[in-house]
Amino acid sequence: MTVLDLRSAPLRERHRPVFAALDGLTVGEHLELCDDRELQSLHHLLQAARSGVFEWDRLEAAPGEWRVALRKTSEALGCAACACACGGARAGGC
């Protein structure tokens, strides 16, 4: 399982490596995210852009330590590699 530690990434950029890592997984593979803040806004962003593509399982929820596991359940239809630089975060594609 790949572990992606988001704590050192700038806030406005934290979604980009998550989308890239999720899109790089094959169906059934897992990705673990670690952050020092609650990841609910990222969860909503992923649901909007990759609905039906992943399962979200909270592993730890404590002050200063948030961990979740993402499991890819189907192939993405988004645009993670598009030229518009949205990082695949634009719902419905570009």
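Nothing in this text is a laboratory measurement; each read-out follows from the coordinates by a stated rule. Just so we're clear, the structure is a prediction, and the values are computed from it rather than from any experiment. Heads up, the Cβs are rebuilt from the backbone with ideal geometry, glycines too, and the neighbour counts pull from every protein chain shown.
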Would you mind calculating the gained length between Leu11 and His30 on full extension (0.36 nm times residue separation, minus the Cα-Cα distance), in nm to one decimal? 4.5 nm
Contour minus end-to-end for Thr2 and Ala48, with contour as 0.36 nm per residue of separation and end-to-end as the Cα-Cα distance? 14.3 nm
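Quick check on the exposure proxy: order Arg71, Arg12 from fewest to most C-beta atoms within 10 angstrom. Can you show the working numbers first?
On the way: Arg71 17, Arg12 7.
So the residues, fewest neighbours to most, are Arg12, Arg71.
Taking neighbour counts of Cβ atoms within 10 Å as a proxy for exposure, in what order, fewest first, do Leu42, Leu11 appear?
Values: Leu42 21, Leu11 9.
Arranged by neighbour count, lowest to highest, Leu42, Leu11 become Leu11, Leu42.
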Residue-ordered couplings for the stretch 13-29, obtained by feeding phi - 60° into the Karplus form 6.51 cos²θ - 1.76 cosθ + 1.60 and rounding to whole Hz (Gly and Pro as x), are 10, 5, 6, 4, x, 5, 4, 5, 5, 5, 5, x, 6, 8, 4, x, 6
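Could you work out how much longer the chain between Arg37 and Asp57 gets when fully extended? Use 0.36 nm per residue separation minus the Cα distance between them, nm to one decimal. Walk me through the numbers before you get to the answer.
Details: separation 20, 0.36 × 20 = 7.20 nm, distance 1.59 nm.
Gain in length upon complete extension: 5.6 nm.
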Counting all Cα-Cα pairs in the stretch 2-72, those more than 20 Å apart amount in percent to 20
